[in-house]
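Asker: Take this structure, written in structure tokens, and hold onto it; I'll ask about it next.
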Amino acid sequence: MTETTAPPETDLVLTERRGGVLVLTLNRPDRFNSWNEELERRYYALLDEAEADPEVRAVVVTGAGRGFCSGADMDDLQGLIESGDFGAMVGREPPRHRPLLFGKPLVAAINGAAAGLGLVEALYCDIRFATPKAKLTASFSRIGLIGEYGVAWLLPRLVGRSRALDILLSSRVILGEEALRLGLVDRIVAPELLLDEAVAYAEELATSCSPAAMRVIKDQLLRTEDLTFAEAIEDGDRLMLEALNGADFKEGIASYLDGRPPAFSGLAIR
Ligand SMILES: C/C=C/C(=O)SCCNC(=O)CCNC(=O)[C@H](O)C(C)(C)COP(=O)(O)OP(=O)(O)OC[C@H]1O[C@@H](n2cnc3c(N)ncnc32)[C@H](O)[C@@H]1OP(=O)(O)O
């Protein structure tokens, strides 16, 4: 009898440093990079590490092999039906939207299919690069499930309500160019250039933009969703005063006037 052993959790996401950019590769190519709890735990732990590491200024996430991530593993979903243990699906820590809270730029290089949770994980990223043949699909409605991991909140904010409903109700496969038109992705790049271009974009943010300002901007955009316009103006005023007192503002102006690249501290704005 042959015994199969699962790969160690550390292999589920490959890591590679390219300058100030950390590349994370979802790595279950034999299962079309389908999502499971172990993969989620490892990916989210690596984001925690990247958050704490001042040398990492941006992260690019991509998939190994021909897909980005095909969503929950179908065999696991069958196992779930058999066990009936649905409680394990809710209230997990870290929160399932951990990547949305990541304080540094998070760029997706969508090298192939992004389905179900795979699409949601791509949508958690700040900017999405995709190949022309990348297949994007919500998938949920085709297997009797609903928009989970907050996608029903996120998607209308990205593409508008009607398009979100089209995508979630139909779960039709959307290819790169249409995804670009809909606003599901931001750049279309040939497969052989995809990762390099995503990394180059991330590296540009890593070297030219203030980490402190980017962290606040990301947080600002998320929190502003819940504010009135007047509150958003007030919130912006408060944050602006902090930024004006920040080391990165002084460095930004000094480097501009000196005609040199900025050397941002990477510290908090205050
Ligand atoms: C709690 C729930 C959360 C969720 O995420 S629900 C959503 C779960 N995911 C899905 O429903 C997606 C199912 N997959 C598909 O619809 C399609 O695939 C794609 C659109 C993603 C890609 O289509 P194409 O490029 O034509 O590839 P292919 O030939 O269908 O698949 C290639 C191989 O990958 C396996 N595979 C695909 N998705 C999954 C998955 N989610 N879990 C496990 N295996 C998967 C297939 O079976 C096949 O395998 P083989 O080459 O051996 O025939």
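Asker: Normalised radius of gyration for region 141-191, please: alpha carbon Rg relative to 2.2 N^0.38 Å, two decimal places.
Answerer: 1.18
Asker: Any chance you could give the angle, 0 to 90 degrees and rounded to 10, that helix 191-208 forms with the longest Cα principal axis of the chain?
Answerer: Taking Cα atoms only, the helix is inclined about 30 degrees.
Asker: Shape of the chain from its Cα gyration tensor (a ≥ b ≥ c, root eigenvalues): rounded if a/c is under 1.5, otherwise prolate when a/b > b/c, or oblate?
Answerer: Prolate, because a/c is 1.5 or more and a/b exceeds b/c.
Asker: Follow-up. Excluding residue 170 itself, calculate the net charge of residues whose Cβ lies under 12 Å from the Cβ of residue 170, where each Lys or Arg counts +1 and each Asp or Glu counts -1.
Answerer: Net charge in that neighbourhood comes out at +2.
Asker: Let me ask you something else. Set the Förster radius R0 to 25 Å, insert the Cβ-Cβ distance between residue 133 and residue 162 as r into 1/(1 + (r/R0)^6), and round the FRET efficiency to 0.05.
Answerer: So, using R0 = 25 Å, E works out to roughly 0.45.
Asker: May I ask you to derive the FRET efficiency for residue 242 and residue 192 from their Cβ-Cβ distance with R0 = 35 Å, giving the value to the nearest 0.05?
Answerer: That gives a FRET efficiency of 0.20.
Asker: Something else now. According to the Kirkwood expression over distinct Cα-Cα pairs, how big is the hydrodynamic radius of region 210-258, in Å?
Answerer: 11.7
Asker: Of all DSSP beta bridges in the chain, what percent run antiparallel (nearest 5)?
Answerer: In the chain, approximately 25 percent of DSSP beta bridges are antiparallel ones.
Asker: So how far, in whole Å, is the C-alpha centre of region 103-177 from the one of region 228-261?
Answerer: 33
Asker: If you line up the long axis of helix 247-258 against the longest principal axis of the chain, both from Cα atoms, how many degrees apart are they, to the nearest 10?
Answerer: So the inclination is approximately 70 degrees.
Asker: Right, something else. Which lysines have a Cα less than 27 Å from the Cα of residue 104, not counting those fewer than 8 places away in the same chain?
Answerer: Partners within reach: 135, 218, 250.
Asker: Equivalent-ellipsoid semi-axes (√(5λ), Cα gyration tensor) for region 163-205, whole Å, largest first?
Answerer: 26, 11, 7
Asker: Using a 1.4 Å probe on the protein chains only, how many percent of the accessible area of region 210-258 belongs to carbon and sulfur?
Answerer: 65
Asker: Taking R0 as 41 Å, what's the FRET efficiency between residue 177 and residue 78 from their Cβ-Cβ distance, rounded to 0.05?
Answerer: Using R0 = 41 Å, I get an efficiency of 0.75.
Asker: Sticking with this one: In what sequence, highest mean first, do 126-137, 37-48 appear when ranked by Cβ atoms within 10 angstrom?
Answerer: 126-137, 37-48
Asker: May I ask for the percentage of alpha-carbon pairs in region 100-184 that lie more than 21 Å from each other?
Answerer: Above the 21 Å cut-off, region 100-184 has 19 percent of its Cα pairs.
The values are calculated or read from the model by the stated rules, or taken from the named source; none is laboratory data. This structure is a prediction, so every number in the text was calculated from the model and none was measured. Reconstructed Cβ throughout: ideal geometry from the backbone, glycine too, with neighbour counts over all protein chains shown. Protein only, heavy atoms only, side chains kept; ligands, DNA and RNA dropped before computing areas. Shrake-Rupley method; radii C 1.70, N 1.55, O 1.52, S 1.80 Å.
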